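Throughout, read-outs are computed from the coordinates displayed, never taken from laboratory work. Note that the structure is a prediction, hence the values are computed from the model and not measured. Glycine gets a Cβ as well: all are built from the backbone with ideal geometry, and neighbour counts include every protein chain shown.
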Amino acid sequence: MTAHTERAAGRATPPSERTDTAAEGRTGELADALAALVGREHVRVEPGQLAAYARDATPLFHAPPDVVVFPGSTAEVAAVLRLATERGVPVVPRGAGSNLCAGTVALHGGVMLVLTRLNRVLEISPGELLARVQTGVTTAQLADAAGDAGLLYAPDPGSRTVSTVGGNVATCAGGLRGLKYGVTRNYVLGLEAVLPTGEIVRTGGRLWKDVAGYDLTRLLTGSEGTLAVITEVTVALLPKPADTGTGVAYFDSLADASRAVAAVIAAGVVPATLEFLDRKCIEAVEAFAGLGLRTDAGALLLFGDDGDPSVVAGNLSRIQEVCTAAGALEVTLAENVARADALLAARRCGLPALSRLGSLTILEDATVPRHRLAEMVGRIDEIAERHGLLIATFGHAGDGNLHPTCVVDPDDTGAVERAHQAFGEIFAAALALDGTITGEHGVGAAKLPYLADRLGDDQMALLRRIKHAFDPAGILNPGKLGS
Amino acid sequence: MTTEPPQPGPPAEGPGTGRGLFDKQQLDRCISCGFCLPACPTYSLTGDEASSPRGRITLMRALETGELPADDPTLAEESSYCLGCRACETVCPAGVEYGQLLEQWRDHQWSGPKRPWIVRLLTALVARPFLLRLQGLVRRHARPSGGGPADGPSLMLGCVERGLYPAVSRAALRLRPELNVPPGQGCCGALHAHNGDSATGKALAEELGRRLPGTLVTTAGGCAAHLAHHLGPDRVREFGDHLHREGHVPAGRVTVDGRPARVGLQDSCHLRNGLGVTRPPRELIAAVAEYVEVPGAGDCCGAAGTYAMLRPADSRAVLDPKLAALAEADLDFVVAVNPGCLRQLRQGLRRTGARARAVHLAELLALAEEDRT
C-alpha cells in the first residue's frame, strides 16, 4: 500500500488482521442473522464472492467486505441497517460500483449492501414532469424511460449505461450536459432513504417549489452513503428538446481550446456541452471508436446544444465563428444525429480508452472557475513535466471541470508515488485558483485527505456533527465523508 | 496485437501459486470501470458483481496474486458460469481481450481431474480425424472434392457441424461449387480452447491451417473467430462473410404461401463480438426474404459451445427471453450462423411449440436457389 492510500484508508484494518477464528465465527453469525432478514440466497460469504466486491472503479483501493447482502425492498434495507447499528458493524451501500473516489470500497470490512435488486422504474409522470425510480435503476434506463415518454432526464454522467440513479444522487454526479443543465442535485425533487438506525424517511416530494424545513434532500444528495441509504428517487424531467446538434473544433493546444471556451461564454452562448480533450485523449478515443478524429491536433473541443432547431443551428454557428476567431485549426459540425451521438459516446469513454496507453490509469477531478481554465491547464502540464509523468487531460471545459489522468506502470512504485505527489499539487493548484478538489466524482476515501484543505476545520467539524446526528453508531460507510 | 498465451502448467495449489496464469498486460488493462456490466448476460440475470466481466477479472487478479486459493469454489463456479460470449469486449473502451483471459482462466480451472467429463469426451472425440471421417459415412456432409484451384478457398467441414448438421456443408457447396473440400480435415480446436485446453486448441488450429491451404471458409462463427486468432484474420472467412465478399447473387427468393418468408437472425457471438461480422448475414437474408431484426439478435442464445450441456438450466435462462422475442416477431425462419446456436434454437423452438424453424444461413440461401421465381 502506498503512502497515499495508507493516509486515505485511515483506520482501515488490513484484511489479514480481521480473519482470525473468532472473527470468522462472528461473520458466520452475522451472515446467519442477515440471511434471516433477506433470505439465504441473497447473502454471500465465500471469500471469492467477497473478493469480487473488493473494488469499485477507483484504482489503488482494494478491500473485501466480510459479507455481501442484496436486499429486495426498502423494508429489508431498514432491517439490515437496524441490525448493523445494534451490532456496530460497518455498512457500505453500493450501486454499480462505478465511482472514481473509492466511495464503495469496504475499507473497514463489514457489510456490503448491494442495491441492484431495487431496479424498477416506478413512475413516469409527463403531467408533472417527473420520474420516480428505485435506487438501482441505471441512469440510462431512467433516461430511456423518460425519452419514451417524450421527456429528458438531463444529468448525463459518462458512466450512464452502468451507474445507478441512487449512486448518481449519492455522489451528485455531473456529466456532459452540465454547462446548460447542471448536475444531479438540480433534478432531485424527493428521496426515500433509510437511516442507519433503520428509520425510513421521505424527504422533499414532487414539487419544484417546496421550502418547508431544512433541505434534507440536498443534504443527502452528495452524502456518498455516509448519512443514509437512498432507496427511491424522484427526479424532475424536462420536455425533450426538439433538436440536438454537435460539432468539433480542433486547436494547436489545450490552452488554446481553453481560451476558446472562455470566448464562447463571453459571446453569450451557453451550449449544453463544451468538452475538451488533449492530444493523448484524442488518440486513445480514436483508437477505441474510430471516428476519424484528427489526431494531429493538440486538442479538440466538442460542443453541442439542444432545443428549438433554429436556436440550435444559431448557437452552433456562433460557436463555430468564435472558435475560428480564437484560432481553431478546423471546425466541423456533425452532419447527423448518429454522428453526433457517436462523438458524445466516444467522449464518455475517455477514461477507459486512456488505459490503452498504459496499465495503471489514475483519473482525478478538479474544477476551477471557467476563466482560469487555461491557467490550470498550464499548471497541470508544468506539474506533469516536473515529475516526469504522462498526464492526459480531458473534461467538461464549459464547467471548468478537468479530469487530469495519469497513466503509469503499476509495477513502477516510484512512478506511482510521483503520481500521488503530482495530484496533491494539482489539487493545491485548483484551490489556489479558487477552484475545488472535485467537481463531480465526490470525495470518497480517495479525496478525504484533501477535504480539509477545501472546507477548513470549522466545516469539517460541522460535517462530523451532522454525520453523528444521522449515524450515531458511525456504521455507515466509515472512512469517508464525516469521518 | 495479441500476445502468446502462457502455456498451461501443472494445476496451481495453495495461495500464491496462481502467478503467471494470465497475460498480465491484459489483466492490467482492465480499469474496473464497469462499462461491461450492461453487456453481460449472466450479470443481467444475477446483478451480482461476481458474475460480471469486471468481477470475474477481479477474481482472476485475486487468483493471480494468491489472495484467493486456487481451489476457491467461486473461481470454479464463475469460470464455468461465464458463457464466453465476449459481448463485454465490444463495449470495453480499454480494449481488454476478455475471451483470451477466460481461456487462460479455464486452462487453470479445468485442468487435470477438475475437467468436466462431457468436455473430456467431446474434445477427445473431435481431436481424432478417423472418428470425424466416420461421421461422414453415417451422415452425408459435403464430400471431399476439388471444385476450384488447389490454392483456392477451402470449405472447412467443422467437427460438430458435420456430425449434427451435414446438410449445412452440402448447402454451402451447392451455393459455392468452386470451394475445395479437402479430405482428412481435423478439428479447429475452438472447443479445446474454450474448455480449458488452449494449448491443444492452438495446436489444432495451426495443424488445420497446414492441411487446408489458402483461405479457410467456415460455416461456424465460433470456429471462424478461433481460427482467425491463431492463423490471422486474412486467412479465415465465415461463410456469410465469404459470400458477401464474393458478391453472391441469389437466384431466387424464399417464399412461404406465396409471400416472402419472414426471417430473423441469431448472431453468432464469436462472429459478432470476436470478428465484428454483423452486416453480411443480414444483407444476405434481406436479399432472399423479408428480413426482420429481432430485438436482442446480438445477445447470446445460451448455447455457448459446451455450455448448454454443462449448465442446461443456466443455458435455458439465457435463451428464454430470446424465445419470447422470436415469438413476438412472428417469423417463418430464424437463421443461425453457428452449429451450437442452431442446436440451441431448434431445441428451444421445439420446446415452446413455436412456428418458426431454425436453419443455418447456408440452408436458407440454398432454399432460395430452389425457389426460382
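For residue B:357, which sequence-distant residues (separation of 5 or more, or a different chain) have an amide H within less than 5 Å of its own amide H, given hydrogens modelled in the peptide plane?
Those lying under 5 Å, H to H, from residue B:357 are B:333, B:334.
Which percent of Cα pairs goes in each bin when the distances of the range B:217-373 are cut into 10 angstrom slices starting at zero?
12, 41, 35, 12, 1
Inside 10 Å of the C-beta atoms of B:56-67, what's the mean count of C-beta atoms belonging to other chains?
3
What size of dipole, in debye to the nearest 20, comes out for the protein assembly as shown about its Cα centre when the only charges are +1 on Lys and Arg C-beta atoms and -1 on Asp and Glu C-beta atoms?
That gives a dipole near 2260 debye.
Residues of the range A:158-201 with the amide nitrogen closer than 15 Å to a label point 7 Å from the Cα of residue A:212, along Cα-to-Cβ, please.
Once the point is set 7 Å along Cα→Cβ of residue A:212, A:190-191 turn out to lie under 15 Å by backbone N, inside the range A:158-201.
Straight-line reach only, C-alpha to C-alpha below 17 angstrom: list the aspartates and glutamates that residue A:180 could link to, leaving out same-chain residues fewer than 8 apart.
Excluding near neighbours in sequence, the set is A:156, A:243, A:275, A:305, A:306, A:308, A:399, A:440.
So which aspartates and glutamates pass the test for residue A:280, namely a Cα distance under 14 Å, with those fewer than 8 places away in the same chain ruled out?
A:252, A:296, A:381
Pairs A:240/A:480; B:24/B:114; B:114/B:202: which are spaced more than 32 Å apart, C-alpha to C-alpha?
A:240/A:480
Pairs of Cα atoms under 8 Å, at least six residues apart: use those to get the relative contact order of chain B, whole percent.
Computed over chain B, the figure is 15 percent.
Each label point is 7 Å from the Cα along the Cα-to-Cβ direction; what then is the distance between the points at residue A:473 and residue A:149, in nm?
3.7 nm
Given the C-alpha centroids of the range A:210-268 and the range B:312-373, what is the distance between them in whole angstrom?
If we compute the Cα centre of each part, the gap is 46 Å.
Which one, B:277, B:349, A:136, is farthest towards the positive end of the dipole of the protein assembly as shown when Lys and Arg carry +1 and Asp and Glu -1 on their Cβ?
My answer, from the dipole projection, is B:349.
May I ask you to list the aspartates and glutamates whose Cα is less than 17 Å away from that of residue A:467, ignoring any residue fewer than eight positions away on the same chain?
Candidates past the 8-residue exclusion: A:199, A:215, A:224, A:457, A:458.
Mark the label point 7 Å from the Cα of residue B:90 along Cα→Cβ and return the residues of the range B:328-347 whose backbone N is within less than 14 Å of it.
B:337
Please list, ordered by chain and number, the residues whose modelled amide H lies under 5 Å from the amide H of residue A:391; skip anything fewer than 5 residues away on the same chain.
none
Please report, in whole Å, how far the alpha carbons of chain A spread along each principal axis, starting with the longest.
Computed over chain A, the largest-to-smallest principal extents equal 69, 58, 43 Å.
Using R₀ = 30 Å, calculate the FRET efficiency as 1/(1 + (r/R₀)^6) where r is the Cβ-Cβ separation of residue B:121 and residue B:328; round to 0.05.
According to the calculation, E is roughly 0.20.
Round to the nearest 0.05 the FRET efficiency obtained for residue B:235 and residue B:287 when R0 = 25 Å and r is the Cβ-Cβ distance.
0.40
Along the Cα-to-C-beta direction of residue B:370, a point sits 7 Å from the Cα; which residues of the range B:258-285 have their amide N less than 19 Å from that point?
Residues B:258-264, B:285 fall inside that zone.
Please state the charge dipole magnitude for the range A:51-166, taken about the Cα centre, from unit charges on C-beta atoms (+1 on K and R, -1 on D and E), reported in debye and rounded to the nearest 20.
280 debye
Taking 0.36 nm per intervening residue step and subtracting the Cα-Cα distance, what contour gain separates residue A:185 from residue A:325 on full extension?
This chain segment gains 46.8 nm when fully extended.
Which residue fluctuates most in the GNM of chain B (Cα springs below 10 Å): B:188, B:36, B:341?
So, out of B:188, B:36, B:341, the one fluctuating most is B:36.
Whole Å is fine, so just give me how far the alpha carbon centre of the range B:65-107 lies from that of the range A:297-348.
40 Å
Averaged across the residues of A:359-366, what count of C-beta atoms belonging to other chains lies within 10 Å of each residue's C-beta?
Averaged over the peptide's residues, the number is 2.
Calculated FRET efficiency, residue B:251 and residue A:296, Cβ-Cβ r, R0 41 Å, to nearest 0.05?
0.25
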